[in-house]
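Reading through the structure tokens given below for one structure.
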Amino acid sequence: CHRGRGDTVQLGLERSLGNLGVVEVTWRSLDLETCHWSLFLHQGPQPSKRVLTQRIVFSVAADGTPELAEEYSLSLTGVQTLTEDISVTGRAVLDTSATMATVTLRASDNPHGVVEFQEMFVETEESGRLFLTIVREFGAIGALDVAYEAVMGNIGTLAGNSTLATPGLDFNNSNR
């Protein structure tokens with residue numbers, strides 16, 4: 001399943017028919033070596049008549065920290081029947097075709113940042129120097145390659161016999 005920050009992730013765990021007694025299911029994250037959890041599935045009012053489900057719930061923190069997409073794999077690692085009067089052949093087992101789940105947390109909070117000019121409009125005198133500052137806000141993950149282009153244009157109507165400045169003739173741009 002794919003979730004974003006601030007969401008709740010719920011994974012369903014199902015105990016099929018023949019659900020007599022109490023069962024302990026252990027599971028862990030394959031990505032977080034120190035995390036192991038257990039939960040208990042108790043028998044229903046009519047043990048052989050209904051499927052029991054239990055939800056494993058994760059709350060994903062919306063912390064405002066820029067983060068890349070992350071993927072976690074969860075694995076059911078064991079099942080143990082805790083009721084003593086059930087024979088060995090009647091004990092719960094894991095369905096090996098459904099013991100893995102993957103949770104993907106989408107990237108959040110612009111992990112690579114937002115790039116923009118510090119000032120949108122700048123005026124200068126002819127033969128003066130003009131410096132435009134590029135700002136990277138929010139994220140700070142990875143190096144960025146910012147490209148720019150100087151083009152002819154004007155934000156207003158030209159007065160009388162005025163002409164547009166020509167890149168390379170009237171001005172030069174450089175990275176400094």
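State, to one decimal in nm, how far the label point of S16 lies from the label point of A147, with both points 7 Å from Cα in the Cβ direction. Going by the 7 Å Cα→Cβ label model, 5.6 nm. Average accessible surface for region 50-158: 77 Å² per residue, computed with a 1.4 Å probe over protein heavy atoms with every protein chain in place. Here the gap between D170 and R106, fully extended at 0.36 nm per residue and compared with their Cα-Cα distance, gives a gain of 18.3 nm.
First compute the accessible area of region 113-156 with a 1.4 Å probe, then give the percent of it belonging to carbon and sulfur atoms. Kindly include the intermediate steps, with their values, before the conclusion.
Working: 2170 of 4080 Å².
After summing per-atom areas, the C and S share lands at 53 percent.
Can you bin region 110-176 into rounded, prolate or oblate? Criterion: square roots of the alpha carbon gyration tensor eigenvalues sorted a ≥ b ≥ c, rounded for a/c under 1.5, prolate for a/b above b/c, oblate for the rest.
Values: a/c = 2.78, a/b = 2.26, b/c = 1.23.
Verdict is prolate for region 110-176.
Keeping every protein chain in place, order T77, T83 by accessible area at 1.4 Å, biggest value first, i.e. largest first.
Numbers: T77 70, T83 35 Å².
From most exposed to least exposed: T77, T83.
When nucleic acids and ligands are ignored and a 1.4 Å probe is applied, R15 ends up with an accessible area of around 20 Å².
Compared with the direct C-alpha span, the chain from E84 to I134 gains 11.0 nm at full extension, assuming 0.36 nm per residue.
The values are calculated or read from the model by the stated rules, or taken from the named source; none is laboratory data. Since this is a predicted model, take the numbers as computed values, not measurements. Neighbour counts run over all protein chains shown; Cβ positions are idealised from the backbone, glycine included. Ligands, DNA and RNA are excluded from the accessible area calculation, which covers all protein heavy atoms including side chains. Shrake-Rupley method; radii C 1.70, N 1.55, O 1.52, S 1.80 Å.
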